[in-house]
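**Q** Here it is, the structure, as structure tokens.
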Amino acid sequence: IQTPNDYDATDGEFIRVIFVDDNTVCTDTTNISFSVQPSIVVPPQTIEICREDAGSVDLTVYEATISPKEGIFTYTNGAGNVINNPSNVRVANGENIFVNFSSALCDATATYTFQFRDPPTAFAGEDTTICPDTELALNGEGGVSLSWLPHPTLSDTSVANPIVIPLNLTAYYLRVVD
């Protein structure tokens, strides 16, 4: 028997040609079927956490980014210790968590790196006194996006400087997100 030759084919098909030499020229061919597992995609991620919320994170929420979905997830910390409760994990700034995913035939590993961010600082401007039915522009600052409350007397709740015409004593609240 000579060295068999293998030929790639489409999904579900694999061809191996085996040459048999019995001092005459004889060949035999056999087909072996197989299936191709889809590639496992476990993207590495840098996960930003607001420093105020630092403490515990739920790693299982990031499983949705992994494809295919059928398999077993295992998490380990930088020291190689298995994380037994991935829905409540304490992480430190800059810490790496390793995500191992195993399906029936394939395995993959990715790294989640946790970065803490300081919360944004909201500034809604100074307190101001105006006369009734007077228009005033608020001056909000902070974050990447912002929203104002209460909404009925604001010209726009999502801009930094909405126009207001308060009907009586009104406190406006600014929420910023970074």
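The values are calculated or read from the model by the stated rules, or taken from the named source; none is laboratory data. These numbers come from a predicted model, not from an experiment. Using ideal geometry, Cβ is built from the backbone for each residue, glycine included, and neighbour counts are taken over all protein chains shown. For accessibility, only protein heavy atoms count, side chains too; no ligands or nucleic acids. Shrake-Rupley method; radii C 1.70, N 1.55, O 1.52, S 1.80 Å.
**Q** Restricting to region 131-160, what's the tally of residues that are within 26 Å of Arg117 (Cα to Cα) and open to solvent by less than 90 Å² (accessible area, probe 1.4 Å)?
**A** Adding up the residues that qualify gives 12.
**Q** Val82 passes all but one of (1) open to solvent by 50 Å² or more (accessible area, probe 1.4 Å); (2) in contact with a strand residue (DSSP E or B) (Cβ under 7 Å, 6 or more places away or on another chain); (3) at pLDDT below 85; (4) farther than 30 Å from Pro119 by Cα; which number fails?
**A** Among (1) open to solvent by 50 Å² or more (accessible area, probe 1.4 Å); (2) in contact with a strand residue (DSSP E or B) (Cβ under 7 Å, 6 or more places away or on another chain); (3) at pLDDT below 85; (4) farther than 30 Å from Pro119 by Cα, Val82 violates only (3).
**Q** Which residues, taken from region 115-130, are at pLDDT 85 or above and not aromatic (Phe, Trp, Tyr)?
**A** Thr121, Ala122, Ala124, Gly125, Glu126, Asp127, Thr128, Thr129, Ile130
**Q** From the list Arg175, Arg117, Arg90, which one is open to solvent by 60 Å² or more (accessible area, probe 1.4 Å), closer than 20 Å to Ser56 by Cα and out of contact with any helix residue (DSSP H, G or I) (no Cβ under 9 Å at 6 or more places or on another chain)?
**A** From the options Arg175, Arg117, Arg90, the qualifying one is Arg90.
**Q** Now for a different question. When region 71-88 is examined, which residues are found to be over 17 Å from the mean Cα position of the chain (by Cα) and hydrophobic (A, V, I, L, M, F, W, C)?
**A** First pass over region 71-88, keeping only residues over 17 Å from the mean Cα position of the chain (by Cα): 71-72, 76-85.
Of everything in region 71-88, those that are over 17 Å from the mean Cα position of the chain (by Cα) and hydrophobic (A, V, I, L, M, F, W, C) turn out to be Ile72, Ala79, Val82, Ile83.
**Q** Is there a residue being surrounded by 12 or more Cβ atoms within 10 Å (Cβ to Cβ), over 25 Å from Leu169 (Cβ atoms) and not small (Gly, Ala, Ser) anywhere in region 120-127?
**A** Scanning region 120-127 turns up at least one residue that is surrounded by 12 or more Cβ atoms within 10 Å (Cβ to Cβ), over 25 Å from Leu169 (Cβ atoms) and not small (Gly, Ala, Ser).
**Q** Ok, one more. Out of the strands (runs of 3 or more DSSP E) lying entirely within region 71-161, which hold 1 or more residues that are within 29 Å of Val177 (Cα to Cα) and of a type in the set (Val, Ile, Thr)?
**A** 96-102, 107-117
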